[in-house]
Each structure stands twice: as C-alpha cells, then as structure tokens.
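Enquirer: Got a structure for you, written out below as structure tokens; questions coming shortly.
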Amino acid sequence: MIFDPFYQTLTAVVIDYGEITANDRMAKWLRFLTNSDESRWEEMAKQGPMLEIGVDKLRIASMDPKIRMQYEAREKALKDMASLRGEGRQEERERMAIGMLEKEMDLDLIMELTKLSQAELMELKNKLNN
C-alpha cells in the first residue's frame with residue numbers, strides 16, 4: 001500500500017482520538033487512510049463523493065506505470081475533445097449573432113437566443129461595423 005509508512009501513526013491517532021462517531025467525516029478519512037485492504041475500496045467509495053474521488057486517485061496511483069500513462073493520456077484526450085466542443089459552440093453562437101446583427105435584430109433578443117453577454121455582442125457589432 002502507498003501509505004504504509006504512515007499506517008502506524010494514523011492508527012495511533014485513531015486510537016488516541018477516542019470518541020469518533022461512525023458517520024464522522026474525519027473517522028471516514030482516517031479509516032480510508034489506514035486501510036490496508038484494497039478489497040474495501042468500493043465500500044469506502046460509497047461513503048461519500050470525496051472518498052470516491054480519493055479511491056479513484058488511489059487506484060490511478062496504484063496502477064502499473066505503463067497502464068497509468070495510457071490512462072492519463074486517454075483522460076487528457078477526452079478533456080481536450082470536450083474543450084474543442086465548447087469552443088466550437090462558442091464560435092457557432094458568434095456566427096449566429098453576426099447573422100442576426102446583419103439583419104438588425106433587437107440586441108436583447110440576440111443575447112437571449114445566443115446566450116452571449118452584452119460585452120461579447122458589442123464586440124461582434126464593433127467588428128461588423130469596421
């Protein structure tokens with residue numbers, strides 16, 4: 001386990017702390033950090049969203065280095081694709097707004113339909129007029 005050097009210290013903290021209720025956030029984290037049984041990760045992940053993130057990060061850190069590198073490359077590619085989709089949507093909204101501006105539509109209506117801010121719309125209008 002990754003946390004082996006700290007296991008004894010954390011176990012002592014749990015013992016010394018005394019009265020920790022079962023649903024206490026600190027108790028859940030202490031149990032997570034002092035856990036030496038990987039088979040309990042799923043059970044721990046169900047105890048809260050932050051523990052689920054912790055379990056996911058621990059799984060990634062525990063992977064074989066080659067597999068972890070492939071996993072991280074895939075995650076980066078997925079984030080890059082999502083970012084490109086977002087940029088494409090923004091460009092499409094701007095193209096729609098330019099077409100509406102050319103037809104001299106009401107600015108409030110254009111902002112409502114395209115979800116562009118007033119500043120973004122004014123910037124497009126200035127580009128169109130120049």
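The values are calculated or read from the model by the stated rules, or taken from the named source; none is laboratory data. What you see is a predicted model; the values in this text were computed from it and never measured. We place every Cβ from the backbone using ideal geometry, glycine too, and count neighbours over all the protein chains shown. For accessibility, only protein heavy atoms count, side chains too; no ligands or nucleic acids. Shrake-Rupley method; radii C 1.70, N 1.55, O 1.52, S 1.80 Å.
Enquirer: Under 10 Å from the Cβ of residue 50, count the other residues' Cβ atoms, weight Lys and Arg +1, Asp and Glu -1, and hand me the total. Could the numbers behind the result be given before it?
Expert: Working: positive: 25, 28; negative: 52.
Once all neighbours under 10 Å are counted, the net charge is +1.
Enquirer: Using the heavy atoms of the protein chains alone and a 1.4 angstrom probe, what is the accessible area of segment 45-130 per residue in square angstrom? Please report the intermediate quantities before stating the final value.
Expert: Numbers: 6580 Å² over 86 residues.
Ligands and nucleic acids excluded, the result is 77 Å² per residue.
Enquirer: Could you please state, rounded to a whole Å, how far the C-alpha centre of segment 22-41 is from the C-alpha centre of segment 75-107?
Expert: The distance from the Cα centre of segment 22-41 to that of segment 75-107 comes to 45 Å.
Enquirer: Sticking with this structure for a sec: Rounded if a/c is under 1.5, else prolate if a/b is larger than b/c, else oblate: which is segment 29-81, with a ≥ b ≥ c the root eigenvalues of its Cα gyration tensor?
Expert: Numbers: a/c = 3.34, a/b = 1.77, b/c = 1.88.
In terms of gyration-tensor shape, oblate.
Enquirer: Something else now. With a 1.4 Å probe and every protein chain kept in, tell me what percent of the accessible surface of segment 36-130 is carbon plus sulfur.
Expert: 53 percent
Enquirer: A follow-up question, please. Full extension from residue 96 to residue 112: what is 0.36 nm times the residue separation minus their Cα-Cα distance, to one decimal in nm? Working shown, then result.
Expert: On the way: separation 16, 0.36 × 16 = 5.76 nm, distance 1.20 nm.
That pair, residue 96 and residue 112, stretches by 4.6 nm at full extension.
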